[in-house]
Amino acid sequence: MDKFDICIAGAGVLGLAVAYQLSCSSTHKNKSIVIVDKENSFGQITSSRNSEVIHAGIYYASNSLKALFCVAGKRLLYEHLEKFNLPYKKTGKLIIAQENEIDALYNIEKKAIENHVTDLRFITGGELRKVEPNLKATAALLSPTTGIFDSHAYMQSLLHLAAQNGVTFSPYTEIRAVGLNTGSFKVAASLNHKENEQSYEFECDQFINCAGLDAQKLARQIEGVKKSSIPELHPCKGDYFAYTGVSPFHHLIYPIPEKNHTGLGIHSTLDIGGQTRFGPDTTYVDKLNYDINPNKKVKFLNAIRRYFPAAEEGRLHPAYSGIRPKIVGPGEAADDFKIHDAQVHGVPGLIQFFGMESPALTASLAIGNHVVKLLN
Ligand SMILES: Cc1cc2nc3c(=O)[nH]c(=O)nc-3n(C[C@H](O)[C@H](O)[C@H](O)COP(=O)(O)OP(=O)(O)OC[C@H]3O[C@@H](n4cnc5c(N)ncnc54)[C@H](O)[C@@H]3O)c2cc1C
């Protein structure tokens with residue numbers, strides 16, 4: 001039977017960042033590491049269905065993992081993109097307020113300072129009209145370190161660099177059960193390449209559950225995990241509409257976030273090719289279905305026209321959607337990332353991620369470093 005020191009389940013951005021950071025660390029670089037994914041390649045699920053925004057770390061609860069890892073991860077991510085010559089743009093972001101929302105901007109600035117994001121700047125009147133002539137807003141907070149990047153190229157680089165350091169990637173490999181075997185894990189997987197389905201069993205000493213929307217399902221398949229430690233999954237879908245033609249904005253434009261930070265409001269982002277897209281909205285769902293209802297256009301137009309009155313209906317088209325792996329339901333206050341070790345679930349050598357929604361893409365390298373420390 002094959003034996004690895006470490007198995008990472010899930011090759012989304014978090015599994016890849018964990019694999020990369022482990023493979024670079026002085027403590028784990030000589031270990032045998034395998035990263036498996038049930039899909040035919042890496043990053044096929046939530047990691048390729050998001051806004052590709054490098055968040056500054058503004059809104060999250062003080063001292064939360066989201067705040068700490070976002071601020072640290074943003075710095076590591078920019079360094080990585082620069083070092084490996086990967087596409088990114090520090091576009092900056094404007095959090096905008098209409099007449100009756102100015103107090104909310106002050107609260108956001110206060111929260112940002114608590115999170116050590118100290119470079120926000122108020123813009124009003126003539127200056128705001130000059131930087132964004134198509135924008136309707138009374139005031140805005142400029143976040144200069146918010147940016148956009150090519151998340152696929154980033155994930156590709158993590159996999160490539162980890163592979164150079166000896167990490168093995170196994171696509172088409174779905175983990176079905178994990179048993180305990182005196183100090184190691186016995187992993188039962190199914191290899192689903194083309195029409196062929198084969199079973200494959202291997203052993204590992206440490207196991208990391210980075211299965212995203214399937215993390216809860218996988219956790220229930222791991223022997224010894226306290227069922228009470230597994231938080232309930234509340235999938236929350238976000239749809240995007242693309243806006244064709246020349247982009248109306250130079251910055252990313254964000255309205256005041258939704259109550260409980262369920263989402264950040266239907267905002268305007270740019271992709272690295274300069275295309276504008278609006279979204280994502282927030283809808284709690286029972287099934288993981290990525291279809292977009294084209295009739296949502298009216299709802300999107302109404303939201304967008306609050307800050308972009310000249311938005312043209314004919315230029316707005318359904319684009320794609322993503323599903324947030326939330327662990328809080330509708331109306332509940334936002335919760336933090338959950339990174340569980342044996343103290344929480346009772347199984348030594350096992351680490352599990354739950355609720356890894358935004359800003360986990362931004363935070364990925366910092367989260368990878370955290371796992372290196374947990375495994376030491
Ligand atoms: C609409 C939306 C917008 C977002 N925008 C941003 C943003 O702008 N900036 C930001 O920082 N973050 C953003 N995020 C958050 C970010 O996209 C996610 O936090 C991140 O992609 C999560 O990565 P992951 O590796 O945990 O999950 P995933 O990418 O879902 O990876 C999990 C992997 O596990 C695999 N898997 C599952 N079960 C098994 C199994 N049993 N065996 C083997 N493999 C398995 C899956 O195939 C999948 O590849 C956004 C999220 C959404 C939904």
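Please treat every number below as a calculation from the coordinates, not as lab data. Please read these numbers as outputs of a predicted model, since none were measured by experiment. With ideal geometry, Cβ positions are generated from the backbone for all residues, glycine too; neighbour counts draw on all protein chains shown.
Fully extending the segment from THR168 to ARG306 would add 44.7 nm, taking 0.36 nm per residue of separation and subtracting the current Cα-Cα distance. In the chain, the longest principal axis of the Cα atoms and the axis of helix 360-375 are about 30 degrees apart. Expressed as a fraction of 2.2 N^0.38 Å, the C-alpha radius of gyration for region 42-94 is 1.25. The 3J(HN,Hα) values that the Karplus relation (6.51, -1.76, 1.60; θ = phi - 60°) gives for region 288-301 are, in residue order, 8, 10, 9, 5, 10, 7, x, 5, 5, 3, 5, 4, 5, 4 Hz. Gly and Pro appear as x. Cβ distances below 4.7 Å define possible disulfide partners, and in the chain the cysteines left without one are CYS24, CYS70, CYS210, CYS236.
The relative contact order of region 91-220, computed from alpha carbon pairs under 8 Å that lie at least 6 residues apart in sequence, is 19 percent. Calculated on the Cα set of region 245-311, radius of gyration then Dmax: 12.9, 37 Å. A simple spin-label model places the labels of ASN85 and CYS24 1.8 nm from each other, with each point 7 Å out along Cα-to-Cβ.
In region 142-225, the convex hull through the Cα atoms has an average projected area of 8.8 nm², a quarter of its surface area. Take the chain, connect every pair of alpha-carbon atoms lying under 10 Å apart with a spring to form a Gaussian network, then pick out the residue of TYR290, TYR88, TYR307 with the largest mean-square fluctuation. Of TYR290, TYR88, TYR307, the most mobile in the Gaussian network model is TYR290. Between LEU288 and SER41, the FRET efficiency estimated from the beta carbon spacing at R0 = 22 angstrom works out to 0.75.
Principal-axis analysis of the Cα atoms of the chain puts helix 65-83 at an angle of about 90° to the longest axis. The alpha carbons of region 63-156 occupy a box of 44, 33, 18 Å along the principal axes, longest dimension given first. The mean of 1/r over all pairs of different alpha-carbon atoms in region 253-376, once inverted, gives a Kirkwood hydrodynamic radius of 17.2 Å. For the cross-link pairs LYS186/LYS287; LYS259/LYS287; LYS130/LYS259; LYS110/LYS130; LYS111/LYS259; LYS130/LYS299, the ones whose C-alpha atoms lie over 20 Å apart are LYS186/LYS287; LYS259/LYS287; LYS130/LYS259; LYS110/LYS130; LYS130/LYS299.
Where both bridge residues fall in the chain, DSSP classifies roughly 70% of the beta bridges as antiparallel. What the Cβ-Cβ distance of GLU203 and ALA61 gives, at R0 = 30 Å and to the nearest 0.05, is a FRET efficiency of 0.15. Here the Debye sum runs over all C-alpha atoms of the chain as equal scatterers in vacuum, and log10 of I(q)/I(0) at q = 0.12, 0.15 Å⁻¹ comes out as -0.91, -1.34. For ALA139, nonlocal amide neighbours, meaning residues 5 or more places apart or on other chains whose placed amide H falls under 5 Å from its own, are ALA97. In region 206-266, the inverse of the mean reciprocal separation of distinct Cα atoms equals 15.7 Å; this is its Kirkwood hydrodynamic radius. Once Rg and the Kirkwood radius are both taken over the C-alpha atoms of region 6-94, their ratio Rg/Rh works out to 0.99. Seen against the Cα atoms of the chain and their longest principal axis, helix 151-164 is set at about 30 degrees.
For PHE4, the residues whose modelled amide H falls within less than 5 Å of its own, excluding neighbours fewer than 5 places apart on the same chain, are GLU203, CYS204, ASP205. Using the Karplus relation 6.51 cos²θ - 1.76 cosθ + 1.60 with θ = phi - 60°, the per-residue 3J(HN,Hα) values for region 203-219 come to 10, 8, 8, 10, 9, 10, 8, 10, 8, x, 5, 9, 4, 5, 4, 5, 4 Hz, with x marking Gly and Pro. Entry note, the chain: relative contact order of 25 percent, from Cα contacts under 8 Å with a spacing of 6+ residues.
For region 47-204, the convex hull drawn through the C-alpha positions has a volume of 197 cubic angstrom per residue. As a proxy for reagent exposure, HIS340, HIS234 were ordered by neighbouring Cβ count within 10 angstrom, fewest first; the result is HIS234, HIS340. Orientation-averaged projection of region 276-338 equals 5.7 nm² [convex hull of Cα atoms, one quarter of hull surface area].
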